[in-house]
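FYI, it's all coordinate maths here, none of it is from the lab. Note that the structure is predicted; figures quoted are calculated from it, not measured. Methodologically, a virtual Cβ is constructed for each residue, glycine included, from the backbone with ideal geometry; neighbour enumeration extends over all protein chains shown.
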Amino acid sequence: MKIYHSINDLQQALLLLRSKGLQIGFVPTMGALHNGHLQLVERCSHENSISVVSIFVNPTQFNDKKDLVNYPRTLEADCQLLETVGCDIVFAPTESEMYPEPDSRVFQFGALEQVMEGAFRPGHFNGVAQIVSKLFDAVLPDRAYFGEKDFQQLAIIQEMTRQLNYQIEIVPCPIVREADGLAMSSRNARLTAEQRKNAVQISQALFKSRTFAADKSVKEVIEFVVTTINEVPDLRVEYFEIVDAQTLQSIEDWSETENPVGCIAVFCGEVRLIDNLSYASRI
Ligand code: AMP
C-alpha cells in the first residue's frame with residue numbers, strides 16, 4: 001500500500017496504472033475509520049483493480065468550528081486498517097494541498113440541498129461538493145463508493161456528478177451498524193459510555209416505528225420517533241423527516257412515494273449523529 005500526500009505524486013502513480021488498463025475505484029473519507037468505511041473499501045477493492053482511499057478532514061464542509069476541531073484524526077491507525085482490506089493507495093493531503101487558495105465555487109443543488117442537513121448545516125453541501133469534485137479531478141476514478149448512512153450527501157454527489165459530467169459510476173453502499181443497531185460513525189468515538197448506551201435508542205426507535213408504520217399515518221410515525229428519542233436522557237432530535245428517496249422532499253401521506261425514507265439528526269450531548277431507515281418494506 002502506497003501513501004501519497006501530494007496531488008502530483010498521486011496523479012503520476014495513477015497515470016501509470018491507468019495506462020495499463022487498470023480500473024480505479026475510489027472511497028473518499030475523513031478518516032477515523034471504522035467498519036462502515038472498511039466495508040466500502042472492501043467492496044471497492046473487489047470491484048476494481050486498484051482501490052484508492054482518501055483521508056482528509058475537509059474544513060469547508062464544517063459549519064460548526066468546534067466540530068471541526070474535535071473531529072478525530074487517527075491517520076496511522078487508519079493506514080493499518082486499510083492494509084487489511086485491500087486498499088492499494090492512500091491519499092492523505094494537507095489542507096494547503098487541497099486549498100492552495102480559497103475555493104470560491106458555489107454549487108446549486110436546488111431543492112435537494114434546501115432540506116434536512118442542508119437546512120440545518122448551512123454551506124455544508126457546498127463544502128462537500130468542493131472537496132469531492134477536487135478529489136474526483138485528482139483521482140479520476142471509474143467508480144466511487146459512498147455510504148447510504150449519509151443519505152442526502154449521496155443524492156448531492158449523484159447530482160454533482162450529473163451536473164459536471166463526470167464519467168464516474170457512483171456506487172451506494174448500505175449502512176453498517178454496530179451489533180445493537182447504532183449506525184457506525186467516526187463521531188461515536190466522542191460519546192461517553194453513558195451516551196453510547198443511550199444513543200442506541202435512535203436506531204431502535206426507527207426500527208420499532210417500521211413495525212407498525214403500515215397501520216399508522218406518516219404524522220403518527222414521526223411523532224412516535226421524535227417523542228421516544230426525546231424521552232431518553234442526553235438525546236435531542238434536531239429533525240426527523242420522512243422523505244421521498246429521490247427528491248428528498250417530505251411526504252405527508254404514504255401514497256406520495258413508493259420509497260419513503262426516514263432521515264434523522266439527533267444531538268447526543270454535544271455530538272451530532274445522523275441515521276436513516278427505509279419504510280418501503282413496512283407492510
Ligand atoms: P466520512 O469519513 O464520515 O466522511 O465517511 C466516508 C464515507 O463512508 C461516506 O461515504 C459515508 O457515507 C461512509 N460511511 C460512514 N459511516 C458509514 C456507515 N456506518 N455505513 C456505511 N457507510 C458509512
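Summary table below
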item: Residue pairs, from the table LYS66/LYS208; LYS20/LYS134; LYS65/LYS149, whose Cα atoms sit over 27 Å apart; result: LYS66/LYS208
item: Restricting the range 87-152 to trypsin sites (Lys or Arg not before Pro) in coil, as DSSP defines it, with at most 16 other Cβ within 10 Å; result: ARG105
item: Degrees, to the nearest 10: 7-19 long Cα axis against longest axis of the chain; result: 80
item: Using distinct alpha-carbon pairs, which all enter the 1/r mean, Kirkwood radius of the chain in Å; result: 19.8
item: Ranked SER6, SER104, SER250, criterion: other C-beta atoms within 10 Å, fewest first; result: SER104, SER6, SER250
item: Eligible aspartates and glutamates near LYS219 by straight Cα distance, threshold 16 Å, same-chain separation 8 or greater; result: GLU241, ASP244, GLU252, ASP253, GLU256
item: Estimated 222 nm signal from helices in the chain, with DSSP H stretches of n ≥ 4 weighted -39500 (n - 2.57), rounded to 500; result: -12000 deg cm²/dmol
item: Folded to 0 to 90 degrees: helix 193-212 orientation relative to the chain principal axis, Cα; result: 70
item: Degrees separating the helix 151-163 axis from the principal Cα axis of the chain, which is the longest one; result: 50
